[in-house]
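Read the structure below first, then the notes.
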Amino acid sequence: MSLSPDDVKRIARLARIEIDDAQAHATQAQLNTIFDLIAAMQTVDTDGIAPMAHAQEVHQRLREDVVTETDRHTAFQAVAPAVENSLYLVPKVIE
């Protein structure tokens with residue numbers, strides 16, 4: 001696929017970008033280079049190759065799943081305005 005300067009100007013107008021002729025020619029060259037690269041990549045045979053989630057084989061280090069904080073449930077409920085059966089009571093806001 002190859003774009004003409006008129007195509008670039010039309011795309012710029014649709015994107016509400018004002019460009020002059022020099023910018024249109026520079027952008028045309030850059031876009032055509034990108035389209036040529038895409039065309040070259042589409043010719044590569046990828047049958048039998050599994051898609052990758054990341055370009056590099058990276059693994060996330062995980063920490064052990066252990067409790068690191070003490071239970072302060074009773075301390076928090078001691079300063080709460082209203083508690084019943086270990087639940088916080090709040091005013092009704094919806095009828």
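At-a-glance table
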item: Spatial separation of Cα centroids for the stretch 76-95 and the stretch 1-59, in angstrom; result: 58 Å
item: Descending principal axes extents, the chain, alpha-carbon based, whole Å; result: 74, 44, 26
item: Over the chain: helical MRE at 222 nm, DSSP H runs n ≥ 4 each giving -39500 (n - 2.57), nearest 500; result: -12500 deg cm²/dmol
item: Relative contact order computed over the chain (Cα-Cα under 8 Å; 6+ residues apart), in percent; result: 18 percent
item: Nearest-0.05 FRET efficiency for residue 92 and residue 45, computed from C-beta distance (R0 41 Å); result: 0.05
item: Proxy reagent accessibility, fewest Cβ within 10 Å first, across 92, 9; result: 92, 9
item: Built amide H within the under 5 Å cut-off of residue 83, gap 5+; result: 89
item: Karplus (6.51, -1.76, 1.60) ³J(HN,Hα), θ = phi - 60°, over the stretch 21-38, in Hz, Gly and Pro reported as x; result: 5, 5, 5, 5, 5, 5, 5, 4, 5, 5, 5, 5, 5, 5, 5, 5, 5, 4
item: Calculated FRET efficiency for the pair residue 54/residue 2, C-beta based, R₀ 25 Å, to 0.05; result: 0.15
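Bear in mind that the values in this text are calculations on the coordinates, not laboratory data. Because the structure is a prediction, the values reported are computed rather than measured. Note: ideal-geometry Cβ built from the backbone for every residue, glycine included; neighbour counts use all protein chains shown.
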